[in-house]
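Step one of this worksheet: look at the structure below.
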Amino acid sequence: MLDAPKDVTPPPASRFGGGLLLVSVVLTLAALKSAAVVVIPLFLAVFVAILVRPPIDFMSRFVPRWSALGVILVAMVGFFIGAWTFIVTSAQAIADRAPDYYLNFRYMLESGVQWAAARGAPLTTDNLGTDAVFNWIMKVVSASIAPIFSFLGSTLLVTVMLVLLLMESDLVRPKMDRAFGVKRAAQVAAPLSRVMSQFQRYFFTKTIISGVTGLCTGLFTWALGIDFAYIWGVLAFLLNFIPNVGSIIAVVPPTLIALVQFDALSYPTFTLVGLSAIQVTIGNVIDPRVMGRSLALSPFFVFAGMIFWGWMWGIAGVFLAVPLTVLLRMAFEQFEPLRPLAIMMSGV
């Protein structure tokens, strides 16, 4: 005699708990989105605090800690001032060259139209929308450096939060000991310390690889005679922190500039091929060997994170998506129940 099928319907308490969790997640995300003005600088301050902690600890061996903190802050202020000056002067230089680019682009397009018309194609520069195409090209080039303006706009708030975080960093462990007890605090602090160490290693290694990418890009565009080679080197350096997607974006602006700078199509073609070769070689050969399997990220999760955090926080969310994904993966690795998620987020 067959047994009656068992009822697999989850109990009401379980359904209530799942619904409550879903509501909590939605409300948390809504709060993060509405409080983006404060949350984004806070996240940036936390990331920077994690990254500058090793040099502060190193300098503290030889000078008082407040002196080490002052040196780091002065260096950061100098970096922000230099970055702001660099962006403003670069944008102005591109704007000054725009009329020349337009003339070159117009000449190249007219030559192409004449060549096609001689072979029976009913084309004119008017029905091709020359001005619209050129304006689109310049918008793409401008948009490639515009995100850094929004980042530098929040530097004051980030700096204030960073100072406060670094000043209280030495008090965190004593507070945890008092709050949770020494044994429990040690259990909580150990995985956090491992996550911070892994994140510091990831960022340091990625900075070196990105520097090599930016240097090769700058030298290559300089050798071809493309205008503003230093801008494309810096842009490639910054975008290389975004796995997979950043390397594709970094190739586009210098290729478009080569298109409107030179009369011949050979220059933009060679620019596209050469820069793509640099990105592919570094991204698929050097990067995996240096970063190692333990720091690899899934391109899908990175891209999905960029879409999600970009929707949440705009262009700032796109740049924050990568360190957030890295930190989440490293944090999940420290806890057995969450380790399967870390494996799914890995790139191997």
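Quick note: the coordinates plus some simple rules give every number you see, no bench work behind them. Nothing here was measured: the structure is a model prediction, and the numbers come from that model. Here the Cβ positions follow ideal geometry from the backbone for every residue, glycine too, while neighbour counts run over all protein chains shown.
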> Between Ala91 and Leu73, how many nm apart are label points set 7 Å from Cα along the C-beta direction?
Replying inline: 2.8 nm
> Where the convex hull is taken over the Cα atoms of segment 191-270, what is its projected area averaged over directions, in nm²?
Replying inline: 5.4 nm²
> Once the Cα atoms of segment 24-120 are picked out, what are the Rg and Dmax in Å?
Replying inline: 25.5, 79
> For segment 237-289, treating each Cα as an identical point scatterer without solvent, what Debye log10 I(q)/I(0) comes out at q = 0.15, 0.16, 0.18, 0.26 1/Å?
Replying inline: -0.43, -0.48, -0.58, -0.95
>> For a bin width of 10 Å, list the pair-distance distribution of segment 205-348 built from all Cα-Cα distances, rounded to whole %.
In response: 12, 37, 31, 15, 5, 1, 0
